[in-house]
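We did not get these values from a lab; they are worked out from the coordinates using the rules stated. All values derive from a computational prediction rather than experimental measurement. Positions of Cβ are backbone-derived with ideal geometry, glycine not excepted, and every protein chain shown enters the neighbour counts.
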Amino acid sequence: MHKTLHIIVLAAGAGTRMKSRVPKVLQTVGGQPMIIHVLRTAMQLQPAGVHVVFNPQAPEVREACSAFDITWAAQAQQLGTGHAVQQAMPGIPEEADVLVLYGDIPLLEADVLRGLIELPSTGIKILTMDIAEPHGYGRIVRDSDNNVTGIVEERDATAAQRAITEVNSGIIMASHPVLMSCLENMVSDNSQNEYYLTDVVSIACEKGIRSSGIVAPVATDLEGANDRIQLAELERRYRMKKSTQLMRAGVQLADPQRVDVRGSVEAGSDVYIDVNVVLEGDISLGDDVHIGPGCVLKNCHLAAGTRVHAYSVLEGMRSLGACDIGPFARVRPGTELMEGSKVGNFVEVKNTSLGKNSKASHLSYLGDSSIGERVNIGAGTITCNYDGVNKHRTVIEDDVFIGSDTQLVAPLTVGAKADIGAGSTVTKDAPAGQLTISRAKQVSIRGWKRPVKKNKRP
C-alpha cells in the first residue's frame, strides 16, 4: 500500500450532452460503468484512501460503486472541477499526496499513473497528452527549464501557444499542502463563474512553486466522453485495446473489431475466436479452444480442446476436458462438462454434470442432474426438475440409453446400463440393466374421418 497516496475521483458531472437520465460516469464502456474502470485502475495503485466526489442528487453513483472501499464527498453545487476537489480535501490527511482523476476516463492504465507518481517534483505534477490536432484543449506552457508554468485555454492562447501540441489531460498530483494552498487562491472570474482545477498550475507558478509534467504514451487513453458519439468512440477503442491484448497473448481473432471483451480473459495457446463473440466476466480458455461466431460467454472455464459452435450462450459453467458445445446451445450456471461430452443444438443444460463421452445432441433440457459416463440422451428429453415449489435432482448412471421424447420426473435414478423407451414418462426409479417403458397403448381407428372446415356463410 502507498501509505501517503490519496486519490480523488471527480464523478459529480451530470453529462447533459449525453441526453440521458443516467449520470455520465455510469454510462457503460465494455459492459461496465466508466467509473468502475477508473476505480479498478485506482485500486491497482494501492492508495491509502479513495475519495469520490458525487452529486447528492444522483445517489445511483454510490450504489453502483458499493463494492469499493470509498470515502464519499458531496458536491451539492456544481461550481467547477476546482470546487469539486475542495469538497474532498477535508477528508484527506495533511501529510498525504493527492492524485486527482476523473470518473469518465475508462481507458487510463495504472502504469501511466505510476509514472506520474514517481516523477520527482515538490510542486504540482501534471499528466499531459501530445496530440496532432489540439483544437479545444488547454495548451501546456513550459519555461526554458521545461517546468510547466501554466495551462492556457485555446480561446486565451496566442498564435504561438495554439501551435503547441502538448495539452492538458486534467489529471494532476501534488502534496496536500501545495494543492490546498493553490485551491484556496482560486477565483471564478470566467464566463462560467466556476472554479477550474487547471488554474492551480498558474497559481503555483505565481507562488514560486515549480510544476512538472509527463506525457502519456497513448494520448487517446486519457480521453473521456461528453456525448454519445464520444462514448461510442471510447467503446471502439476499449474493444480494440482488449483485442490487442488477446492477440499479443497468442489468441487468433477472426476480426479484432468484432470481439467484445467485457471482463478478464485468460487464454492458452492457439485459441481461436470467431466474429461477434462476447466475453464477459472472468473467462479462462485452455489451449486449442475454438469459439464459433456469435457466441456469448460469461464467467466460464473451458478446458483445452473444447469446441463451442455458433450462437451458443454459456454462463457460469466449466468444461473439465475437451468437449463439444452447440451450435445454438445454452449452458447455464453450475454445469460441468467432462471430457468427450457433447451438448448439441438447441440443448439447455443447468446445474448438471455431464460425464465422459456422454451426449445430448439435440433438442433437450437437462436441469439439476448428475449424468454418468457414456450416456446417450435422445432428442426431446426433459428432466422435469421443478414441481412448482422445489427443485429435484435426476441421477442417470453410466452407460444409460434414454430414448427420444422422454420425460424424467425428478426425483429419480436411472440405473447403470438401463434403457428408457422413446416417448416414456418415467416417474419412478428405472432399474439398472433393464428396459423401462411407459406408453399409452397404441390404437388404430377404422373408418376415421378427418374433420373438415365448415363453409363460411356468404
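Things worth noting here:
- Magnitude of the charge dipole, segment 228-436, Cβ model with Lys/Arg +1 and Asp/Glu -1, debye to 20: 640
- Charge dipole (Cα centre; +1 on Lys/Arg Cβ, -1 on Asp/Glu Cβ; no other charges) of the chain amounts to roughly 3360 debye.
- Part-to-part distance (alpha-carbon centres) for segment 389-443 and segment 318-385, which is given in Å: 16
- Antiparallel DSSP beta bridges within the chain, as percent of all bridges there, nearest 5: 15
- Counted over segment 169-278 with a bin width of 10 Å, the fraction of Cα pairs per bin, in whole percents, is 11, 28, 22, 17, 15, 6, 0.
- The alpha-carbon of K356 sits under 17 angstrom from the alpha-carbons of these lysines, leaving out residues fewer than 8 places away in its chain: K342, K417.
- Helix-only arithmetic for the chain: the sum of -39500 (n - 2.57) across DSSP H runs with n ≥ 4, divided by the residue total, places the mean residue ellipticity at 222 nm at -4500 deg cm²/dmol.
- When its C-alpha radius of gyration is set against 2.2 N^0.38 Å (N residues), the chain gives a value of 1.37.
- Pairs spanning more than 29 Å between alpha-carbon atoms, out of K125/K298; K24/K125; K298/K428: K125/K298; K298/K428.
- Approximate shape of segment 307-458 as ellipsoid semi-axes (Cα gyration tensor, √5λ), whole Å, largest first: 32, 21, 15
- For segment 319-384: rounded, prolate or oblate by the Cα gyration tensor [a/c cutoff 1.5]: rounded
- Size of segment 2-222 as Cα extents on the principal axes (Å, biggest first): 48, 39, 34
- Positive-end ranking of A74, S212, F346 along the dipole of the chain, with charges on Cβ about the Cα centre, is headed by F346.
- Of the GluC sites (Glu not before Pro) found in segment 37-100, those that fall in a DSSP loop while having at most 13 other beta-carbon atoms within 10 Å are E94, E95.
- Alpha carbon Rg of segment 133-206, scaled by the compact-globule rule 2.2 N^0.38 Å: 1.12
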